[in-house]
């Protein structure tokens, strides 16, 4: 649909504008949930230098717990396996989460998965061994796997196709905000109350969000009826979920996530260790560089979500504009190849900020391709396949990264992969789904 042929009547925007304005409240709720999600998963990465054997003395959280809170030691290989527990559970859970959202709807399904990941995150405070962290991370991954299928589903329900990338970019920026809040809050809590207390900090946020969502969110059928361009979350899919795997569009989306998601996991789970090992930043100094990286990645998420509209304003149709935005972001990641050999902390921060911002812009658009290529009632399931691909890629990357860092202590190979993953992902998406062609469903 070109800019000149765009007609709000065709997608139901002319009727009941007061109700439709609620879509930005929905977007705000998705943003907050994603922020909490990423705060929870970031805590362990920030505390890793302490848990890996730092001699930093912290105040005890409860009477009787040891004053030196680094009593649980782990090496790089063990940490890689702990990350794998998260990734494997994420990959397993996301298949069922996608089906849960497609069948039960976002209003019921989203609070369920939020409660699971919140309890698992707080459960880290009870851990006293490396295997214990593996178990806690497994259940954290199981619950957190539902966030993006639910959020993308809600966007497909509430937003017309021209607004979806922007809405996705806004809520997806919550990933960066969560990653900003974690290094801003976790070190202070750990230094004053012990690392175990740091894992409990987000529980209250999750509980408040569940109440907010349950009170405010409604499936938009009442507001939008069955107008074209919108999905209804309780509509039964005529297509069996597994049959979506026979479409090239599904594989193009999943392969793109397989290649690029591990890079974001790498930033989340290893950047604190990178700054600690490369620039000798301890827990009390690691916050500012991480905050800068994730603040700028937030900007990248929103800007990347807007970028297709910018290209469309130049006369491009929507889908070519989406692909052009993804190409722009993929090219901006390339300079990160040099980060592994840098001696300047703030040059590293600059390159990482650019790469993280470009990743988020790329991510906002690749998520939106699922609703470009499939009807709304299948979006949750297709996104879940992509999340499985991303989790599988992340698990492979984590195992390899753990061994590389344990034996070579070099981040150069990991940054080299990160610099090229997006261009390769975009190439495969173009090969499997030329022009983001709509899947020919029965």
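The values are calculated or read from the model by the stated rules, or taken from the named source; none is laboratory data. Note that the structure is a prediction, hence the values are computed from the model and not measured. When we count neighbours, we look across all protein chains shown, and the Cβ atoms used for this are built from the backbone with ideal geometry, even at glycine.
Assorted remarks:
- For the criterion of being modelled with pLDDT of 85 or more, assigned to a helix (DSSP H, G or I), within 21 Å of residue 201 (Cβ to Cβ) and under 23 Å from the mean Cα position of the chain (by Cα), residue 44 passes.
- Residues (touching a helix residue (DSSP H, G or I) at 6+ places or on another chain (Cβ under 7 Å), modelled with pLDDT under 80 and over 27 Å from residue 38 (Cβ atoms)) located in the stretch 203-249: 223, 227, 228, 229, 230, 232, 235, 237, 239, 241
- Subset of the stretch 370-384 (residues that are modelled with pLDDT of 85 or more and under 15 Å from residue 150 (Cβ atoms)): 370, 371, 382
- No other residue among 28, 33 is buried (at least 24 other Cβ atoms within 10 Å of the Cβ), touching a helix residue (DSSP H, G or I) at 6+ places or on another chain (Cβ under 9 Å) and modelled with pLDDT of 75 or more apart from 33.
- Selection within the stretch 408-442 - buried (at least 20 other Cβ atoms within 10 Å of the Cβ) and not in a helix (DSSP H, G or I): 411, 433
- Verdict on residue 405 being modelled with pLDDT under 95, crowded, with 16+ Cβ neighbours inside 10 Å, in a helix (DSSP H, G or I) and on the phi < 0 side of the Ramachandran plot: yes
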